[in-house]
Each structure stands twice: as C-alpha cells, then as structure tokens.
Amino acid sequence: MPDGAPGSEEREGLAAGEETLVDELAEFRSRLGARENTIRELHASLAEARLAADDERAARRAGEERLEVLKREHAALRERSDALERELGSRRRSRESQSREAETLRRENDRLSGEVSRREHLIRMAEEEVEELKSRYEALVVRKESALEDALRRIAGLERDLEEREVRILELEADLEERRLELERERTERMKLAEPENRLRAGIELFNESRHREAVTTLSRTLGQPNVHVELGRGEEPPVFIGFTWRGVSWRTFAANPGLAVEEPRIYVVSSGEDLSGVDEKPPNAHVGPGGRVLLGL
C-alpha cells in the first residue's frame with residue numbers, strides 16, 4: 001500500500017462518519033422541518049389569536065357603541081317624557097283657561113245678542129226713516145228736474161240770443177273794420193290827391209275809364225288825332241279839365257273830379273264847339289295813346 005493512501009479501516013471509519021453525518025443531517029433536517037412546522041403552527045395560532053383579538057375588540061367597540069346609543073335613546077326618552085309631562089300640564093292649564101274663556105265668551109255672546117237685537121230695532125227704524133226720506137227726495141227730484149228743464153230752456157234761449165248777438169257783433173266788427181279800411185284808403189287817397197300831379201293823373205285815369213273816351217275816339221277817327229291840354233281847377237276838391245282840339249276846328253273840354261266826396265256825375269262836358277274864334281287855345285301837355293287813352297306828357 002503506498003504511503004498516504006487511506007486504509008480500509010480509515011475508509012470504513014470515513015464511511016461510518018459520513019453515514020453518521022448523513023443521519024445527523026437527516027435528523028437535523030427532520031428537527032428543522034419539525035421546527036418549521038411548529039413555527040408555522042405558531043404563526044397560524046398567532047394569526048387566529050390576532051383574528052380573535054380583533055373580533056373581540058370589534059365586538060367590544062360594537063357593544064360600547066350600542067351602549068352609547070342606548071344611553072342617548074334613554075336620555076331622549078327621558079327628555080320626551082319630561083316634555084310630555086310639561087305639555088300635559090300646559091294642556092291642563094289651557095283647558096282651565098279655555099273653560100274661563102268659554103264662560104267669558106258665553107257672557108259676551110249674551111251681551112252681543114242683546115246688542116244685535118237693539119241694533120236690529122234701530123235698523124228697522126232707520127229703514128222706515130230712509131223710506132220716508134226717499135219719498136221726500138223723489139218728490140224733490142221731480143220738482144228740481146222740472147225747474148232744471150225750465151232753466152235749461154231759458155239757458156238755450158239765452159245761448160241762441162247770445163249766439164245771435166255774437167254773430168251781430170262779428171258782423172258789426174267786420175263792418176267797422178271795412179269802414180276803417182275804407183277810411184284808411186280814403187285818407188291815403190286824399191293824401192295822394194292832395195298832390196297836384198297825383199290829382200291830374202287820377203282825373204285822367206277817371207276819364208279813361210268813362211264812356212266819354214269812346215266819344216273822343218269816334219271824333220278822332222273822323223278829325224284825326226287831337227291836341228290835348230290838361231290842367232287842374234280851383235277849390236277844395238278841384239276838378240281836372242281835359243281839353244281836346246281837332247285841327248283848330250273843333251274843340252271839347254271835360255271836367256273829371258277824382259275827389260272821394262264828389263257826387264255823380266264825376267265826369268261831364270264843360271264846353272264844346274266848332275269854332276275856335278275867341279277861344280284861348282292852350283298848348284298841349286298830353287296826348288292820346290293806344291286805345292284812345294289820354295296820357296300825360298307829349
């Protein structure tokens with residue numbers, strides 16, 4: 001056997017030691033498994049204990065809460081009982097008060113019944129008085145209506161008379177205004193006629209609007225255009241003299257007075273003739289224009 005190689009005894013010893021170790025390891029593993037089982041059981045027991053403790057605490061809390069609820073309900077019931085007792089006492093007092101009030105109301109009702117009877121009697125008396133007053137009032141109304149109708153008829157007559165008077169006043173005012181305007185026109189016309197030239201022109205215009213213009217026109221067709229002399233007369237309302245001379249043979253003189261206060265005839269022949277001997281023939285200062293109208297100036 002070489003040196004250093006184990007012998008059979010040693011191998012047996014080693015094998016025995018190895019088996020021992022295996023057995024010990026198996027035993028250790030067995031004990032370890034048992035320990036682990038024990039630990040798991042302990043954990044399970046602990047979990048169960050914890051669950052039981054939690055259930056117990058929950059039950060205790062539920063019991064405490066239920067007890068608190070019962071205490072509150074008891075207090076509420078006590079308060080309700082006290083309130084009912086107070087309400088019962090109040091109702092007793094109220095019934096007593098209502099009994100007194102009912103007695104008072106009965107007495108008041110009796111008093112009011114008597115007052116109602118008295119008032120009904122007064123109402124009947126008042127109704128009778130009203131009926132009497134109504135009859136008097138109706139008779140008074142009839143008289144008043146008759147008087148009112150008479151007054152209305154008089155008023156209508158007065159209104160018609162007033163309207164007629166107003167119409168008459170308006171007519172008089174219109175007539176007065178017309179007279180005023182006429183006087184104003186007359187005053188204006190008099191002021192105009194106070195000027196000699198204006199009076200001459202007014203006299204010529206008066207002649208031109210008269211029938212004598214046609215007579216002069218007829219003579220002019222036969223004898224030709226005449227010489228015309230116009231002059232103003234004398235006096236407060238002097239006339240305008242219009243003289244016509246035809247070829248030194250025939251002559252005719254007209255007076256035309258435009259004065260407002262002059263009565264008709266306002267135009268008339270002053271003189272006329274066929275022989276100019278002994279007649280002072282005056283120089284012309286007017287002429288006969290279109291339509292036979294006399295126009296001042298040559």
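The values are calculated or read from the model by the stated rules, or taken from the named source; none is laboratory data. Because the structure is a prediction, the values reported are computed rather than measured. Ideal geometry is used to build each Cβ from the backbone, glycine not excepted, and the neighbour counts take in all protein chains shown.
Quick look at the values:
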quantity: In the range 215-240, residue surrounded by the fewest Cβ atoms within 10 Å (Cβ to Cβ) [restricted to those that are more than 18 Å from Val270 (Cβ to Cβ) and of a type in the set (D, E, K, R)]; calculated: Glu236
quantity: Test: residue in the range 174-191 that is exposed (fewer than 10 other Cβ atoms within 10 Å of the Cβ), closer than 30 Å to Val228 by Cα and modelled with pLDDT under 90; calculated: no
quantity: Residue among Leu152, Leu88, Leu105 that is of a type in the set (A, V, I, L, M) and at pLDDT below 85; calculated: Leu88
quantity: Members of the range 258-270 that are part of a strand (DSSP E or B) and either over 18 Å from Thr218 (Cα atoms) or in contact (Cβ under 8 Å) with a residue 24 or more places away in the chain (or both); calculated: Ile267, Val269, Val270
quantity: Identity of the residue in the range 203-257, part of a strand (DSSP E or B) and of a type in the set (D, E, K, R), that ends up farthest from the chain's Cα centre (by Cα); calculated: Arg252
quantity: Scan of the range 253-279 for residues that are over 15 Å from Arg211 (Cα atoms), among the charged types (D, E, K, R) and modelled with pLDDT of 80 or more, ordered by number; calculated: Glu263, Glu274
quantity: Selection status of Glu145, surrounded by 10 or more Cβ atoms within 10 Å (Cβ to Cβ) and either β-branched (Val, Ile, Thr) or within 60 Å of the chain's Cα centre (by Cα) (or both); calculated: yes
quantity: Output for the range 273-288, where each listed residue is surrounded by 12 or more Cβ atoms within 10 Å (Cβ to Cβ) and either without any contact (Cβ under 8 Å) to a residue 40 or more places away in the chain or assigned to a loop (DSSP other than H, G, I, E, B) (or both); calculated: Gly273, Leu276, Val279, Glu281, Lys282, Pro284, Asn285
